[in-house]
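A short write-up of the structure that comes next.
Just so you know, all these numbers are worked out from the coordinates, no wet-lab data involved. Nothing here was measured: the structure is a model prediction, and the numbers come from that model. Cβ placement follows ideal geometry from the backbone for every residue including glycine, while neighbour counts extend to all protein chains displayed.
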Amino acid sequence: MSAADLAPHFARLGGDPIRDAFAARRAVLPWRNKRPLPDDELPATWSRLMSSYCSPEMRLAYIHVPFCANHCLFCGFYRNAYSRDTASSYADLIVEEIEREATASTVGSQLVEAVYLGGGTPSALSPTDLSRVLGMVKRCLPLAPDCEITLEGRIIHFDPDKIDACLEAGVNRISIGVQSFDTAVRQRQGRRASRDEAVRFLEAIRDRDRAALVIDLLYGLPGQTDGIWTEDLRIAADVAPDGVDLYGLNLIPGTPLHKAIGIGKFPAAATLKDIGGMYRAGVEFLAAKDWTQISNSHWARTPRERNIYNLRIKEGADCLAYGSGAGGLLGRYSYGIAAGLDSYRDAILAGRKPIDTIRVSDSLQPVRNVITAGLETGHLDFDRIALPHGGNLKTWIAPLLEQWRSAGLVSINGNVMSLSTAGRFWYGNLVSAFDAILSEAGPSARSNPPIGARANLET
């Protein structure tokens, strides 16, 4: 491809690349480049997947708990307010869904190396319900001996009895969404615990010494100055968890925070330039502490933090999904479970998997997976990329790679492209550029497989 063809993906030259390389950050959406199947094909396709598909490698499992004690202002994932009775009834449905599907030949055909309970707020469930769900997972899914079992949680409602119940049930990784330790910043966003309460809570999990503890921090929040961000990083390091995630604020239209800023109730969130600077400050702070950067947004302090689920999902690993709003993947087929609680409940009680959508990828998806996974970890090996229509991708896009190098986003060593700190910050833009370039491949490379034949299900 010529430089003119690739110019839409060029970064800005001059200035600070982490602040100025692009006008906006691009999101990497899991359903991109996938074709939805007609509704009338969903039942038969799902039946074939459950009876005849075998994952080539160990797979993942995801369980969704769509309840929160309150709607944190920045969050775009809020779905349902928590109530004890509703959450307990939902746990009944999850247990039934997992148990019923366990008899399918596909479920037992490959080991599960990581289970992730996400949300929502999984820690909103009662100790008894968490134990029931996790117990059913252990009884019905073929877990690998060293399976990583992650539970997302918040400080509110996550009392000592619940922590101990999770650990007894097999959770070996707990991810806590702290976002910021600053009391004013936290409480403005709907996080009720103070800084000191948050620290004591985290120390209580850490001191049990029975699971990897991971702290999620968010940068770019209204009122979160550079000084507050530096203090957030310092406190997180002092707590000494096994891992830390650093995420830049994505101001999603329609969220309470977006509305509050729009009417002047809150100060403006950080600009994109400022968010880039805060990411760099986080990278440099953790590097000085000798933490290992596992991916663009995740660091490990100890070997106990493996981050298996998050890394493998970016590789396109197969994933079994359970619960309202969950999403899974089997080969070329990604699927979503009904997000509405009523639709989910009615299907489970009727003995059906509540499949809401199935999308099928084209033959370029393995290439996209290699690119996405490589860029996520900061190193893309072009030798691992085999285009189905032939040709050398590195040679094909050489002008773009050179332009990104000149812009300070990447370095090239032989057939390996490594991302700078700025390149890691703009990861989504780089993935989007590769996606757009691959979409220009010949028709044979983009063709969708026919539905139904076992050979196609296994591809």
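Each DSSP beta bridge with both residues in the chain is either parallel or antiparallel, and the antiparallel ones are about 40%.
Would you mind ranking Thr45, Thr128 so that the residue whose beta carbon has the fewest other beta carbons within 10 Å leads the list?
Exposure proxy ranking, most exposed first: Thr128, Thr45.
Here the Debye sum runs over all C-alpha atoms of segment 203-352 as equal scatterers in vacuum, and log10 of I(q)/I(0) at q = 0.12 Å⁻¹ comes out as -0.74. Here the chain is described by how far its Cα atoms reach on the three principal axes: 60, 58, 45 Å, from widest to narrowest. Summarising the overall dimensions of segment 54-314 from its C-alpha atoms, the Rg and Dmax are 18.6, 56 angstrom.
Put simply, when 418-427, 3-12 are sorted by average Cβ atoms within 10 angstrom per residue, most first, you get 418-427, 3-12.
Per-residue ellipticity at 222 nm, computed for the chain from helices alone with -39500 (n - 2.57) per DSSP H run of at least four residues, works out to -11500 deg cm²/dmol. Here the label points at Asp85 and Glu284, each 7 Å from Cα along the C-beta direction, are separated by 5.6 nm in the simple model.
Basic side chains Lys and Arg get +1 at the Cβ, acidic Asp and Glu get -1 at the Cβ, and with that the dipole of the chain about its Cα centre reaches some 640 debye. Each Cα pair under 8 Å and six or more residues apart adds its sequence gap; the mean of these over the residue count of segment 54-314 is a relative contact order of 18 percent.
Per-residue Karplus couplings for segment 395-412, computed as 6.51 cos²θ - 1.76 cosθ + 1.60 with θ equal to phi - 60°, are listed in order as 5, 4, 10, 3, x, 5, 4, 5, 5, 5, 5, 5, 7, x, 9, 9, 10, 10 Hz, Gly and Pro entered as x. Between Asn413 and Ile252, the simple spin-label model (points 7 angstrom out along Cα→Cβ) gives 3.8 nm.
Count the lysine pairs in the chain whose Cα atoms sit under 22 Å apart, keeping only pairs 8 or more residues apart in sequence or on different chains.
The number of close lysine pairs in the chain is 6.
If R0 is taken as 51 Å, the Cβ-Cβ distance between Ala204 and Asn33 corresponds to a FRET efficiency of 0.70. How much FRET efficiency would the formula 1/(1 + (r/R0)^6) give for Ala398 and Glu99, where r is the Cβ-Cβ distance and R0 is 60 Å, rounded to 0.05? Between Ala398 and Glu99 the formula returns 0.65.
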